[in-house]
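Readers should treat all values here as calculations from the given coordinates under stated rules, not as data from a laboratory. Just so you know, these numbers come straight off a predicted model, no measurement behind them. Cβ placement follows ideal geometry from the backbone for every residue including glycine, while neighbour counts extend to all protein chains displayed.
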Amino acid sequence: MLVVMSSDASAEQVARVIESIRTINLTPHTLPGPTRTAIAITGNTGAVDARVLEALPGVKECIRVTKPYKLASREMHKHDTVIPIKTTGQDIGPKTFTVIAGPCSVENEKMIFESAEFLLSKGIKMLRAGAFKPRTSPYAFQGMGLDGLAILKRVREKTGIGIVTELMDTEYAEAVEEASDIIQIGTRNMQNFSLLKRVGKCRKPVLLKRGMSATLEEWLMSAEYIMAGGNYQVILCERGVRTFSDHSRNTLDLSVIPPAKTLSHLPIFVDPSHGTGKRAYVPAMSLAGLAAGADGILIETHPDPERAMSDGAQSLDFPGTEKLMTQLKQMAPLLGRTM
Ligand code: PEP
Ligand code: MN
């Protein structure tokens with residue numbers, strides 16, 4: 001349920017509605033808008049009786065939200081969500097196109113600084129790199145862990161680059177939140193509900209990758225878990241799903257972008273590196289992601305992809321990244337986006 005206040009409702013009237021929602025043991029979420037405040041209600045398992053709330057002073061109307069995801073739905077929040085990134089001064093959201101790039105894993109300090117300097121020189125203000133890596137094999141490189149996070153913190157401090165890094169376990173939530181500007185939740189954890197609840201308590205935006213066999217509705221329900229905890233800054237990220245196709249690592253489902261935009265107000269990114277698994281296909285799918293309406297891309301870029309400790313085959317080298325940036329910068333303004 002969404003309680004829409006009149007445009008001239010007073011702060012006391014808004015507070016009274018919030019209090020009444022709490023009295024019936026439900027959770028209010030205040031959504032200030034450009035002309036009026038709306039209060040979303042979650043926590044109900046059945047329909048909420050609107051009559052009590054509608055009778056309160058300052059209430060314009062109560063709207064029933066029909067979708068199972070509430071806070072993530074466009075029914076609840078008409079306008080596209082904008083997510084400001086403090087470290088870089090960027091806004092993620094409509095009319096922009098944000099590139100986040102970097103190696104799959106933090107391998108050592110030198111390659112992270114080299115990557116950050118290269119990215120910044122090409123106008124890329126956010127570095128992605130995993131300190132905790134979800135690997136299919138227990139014998140594969142698992143990431144540098146806390147030492148990796150310490151490197152990421154140093155590179156942000158020294159260069160001002162924004163950091164995107166993955167959280168795999170609730171145990172490291174505080175450490176990852178501190179080291180990052182955006183917390184990544186990987187495809188394998190899209191339905192790790194304890195982890196989703198934990199990042200719902202974080203004060204950093206969350207990049208939520210789509211589960212490799214998740215429907216759009218399941219994905220939005222996972223976003224809902226994070227938002228229900230009070231963290232409304234969720235960025236969706238399509239990274240490819242499992243299909244019968246075997247010409248690429250996954251099938252990058254760009255066709256999910258228009259329906260995701262219709263159903264939800266959340267920004268959506270595309271990860272063409274995991275989506276294709278092959279560096280040769282990454283530029284075409286990055287440009288296609290921009291054309292399909294994505295708000296940004298997350299790509300793997302490595303100073304020496306042949307020697308990468310993870311995902312080298314899908315990582316662009318620096319000249320490849322530079323060429324892609326040039327193409328994106330040419331295409332973005334034609335589609336009304338700034339970069
Ligand atoms: C990654 O971003 O390096 C990663 C492991 O991604 P995904 O969760 O999409 O496989
Ligand atoms: Mn990777």
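Brief remarks follow.
- Qualifying residue in the range 149-161 (condition: closer than 24 Å to Thr136 by Cα and within 12 Å of ligand 1 (Cβ to nearest atom)): no
- Selection within the range 252-277 - more than 13 Å from ligand 2 (Cβ to nearest atom) and outside any helix (DSSP H, G or I): Leu252, Asp253, Ser264, His265, Leu266, Pro267, Ile268, Phe269, Val270
- The range 164-179, residues that are within 16 Å of ligand 2 (Cβ to nearest atom) and closer than 19 Å to Leu119 by Cα: Val164, Thr165
- The range 171-212, subset more than 14 Å from the chain's Cα centre (by Cα) and assigned to a loop (DSSP other than H, G, I, E, B), residue surrounded by the most Cβ atoms within 10 Å (Cβ to Cβ): Asn192
Quick grid of which residues meet (1) within 30 Å of Ser286 (Cα to Cα); (2) under 17 Å from the mean Cα position of the chain (by Cα); (3) of a type in the set (Val, Ile, Thr):
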position: Val4; (1), (2), (3): no, no, yes
position: Ile24; (1), (2), (3): no, no, yes
position: Arg36; (1), (2), (3): no, no, no
position: Val52; (1), (2), (3): no, no, yes
position: Leu56; (1), (2), (3): no, no, no
position: Ser73; (1), (2), (3): yes, yes, no
position: Ile92; (1), (2), (3): yes, yes, yes
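- Candidate set from the range 96-134 (those that are of a type in the set (Gly, Ala, Ser), more than 16 Å from ligand 2 (Cβ to nearest atom) and not in a loop (DSSP other than H, G, I, E, B)); member that is surrounded by the most Cβ atoms within 10 Å (Cβ to Cβ): Ala116
- Answer residue from the range 143-154, given it is away from ligand 2 (no atom under 16 Å from the Cβ) and surrounded by 21 or more Cβ atoms within 10 Å (Cβ to Cβ) and is farthest from Lys110 (Cα to Cα) among those: Leu149
- Condition check for Arg249 on (1) touching a residue at least 40 places away in the same chain (Cβ under 8 Å); (2) in contact with an Asp or Glu (Cβ under 8 Å, 6 or more places away or on another chain); (3) farther than 26 Å from Met76 by Cβ: one failure, at (2).
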